[in-house]
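Note sheet for the following structure.
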Amino acid sequence: MAGLLDLGNAPFLGVKIAVGAIAAIVLSHWGHYKIARYGITVTLAIYLGLMVIHIFTGLTAFGLITDAMIDNASSMTTVVFALIN
């Protein structure tokens, strides 16, 4: 995506719209197939994950998330994984 942004806003926006259009076409024509619904679900889950990463990156850039908060979250996940195992 950084390469598209280097080319300008129009190519970036065009690719974003194309991804949405392809998803709509797949659901429109082949939505009754289980594999189509599964593929769209996986694609949207990946896209949602990327959006969450973008949100946290933006919050960090604006200084709303500090390094100390990231360290605390890291230590909490270590404890959670230790409890699970």
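The values are calculated or read from the model by the stated rules, or taken from the named source; none is laboratory data. Remember, predicted model here, so these are calculated numbers, not experimental data. As a convention, Cβ positions derive from the backbone with ideal geometry for all residues, glycine included, and neighbour counts pool all protein chains shown.
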Of these, 45, 21, 68, 10, which one is under 17 Å from the mean Cα position of the chain (by Cα) and either assigned to a loop (DSSP other than H, G, I, E, B) or at pLDDT 85 or above (or both)?
-> 45
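Based on this model, can you work out whether residue 73 counts as surrounded by 10 or more Cβ atoms within 10 Å (Cβ to Cβ) and within 23 Å of residue 4 (Cα to Cα)? Don't jump to the end; show me each part of the working.
Numbers: surrounded by 10 or more Cβ atoms within 10 Å (Cβ to Cβ): yes; within 23 Å of residue 4 (Cα to Cα): no.
So residue 73 does not fit the description; no.
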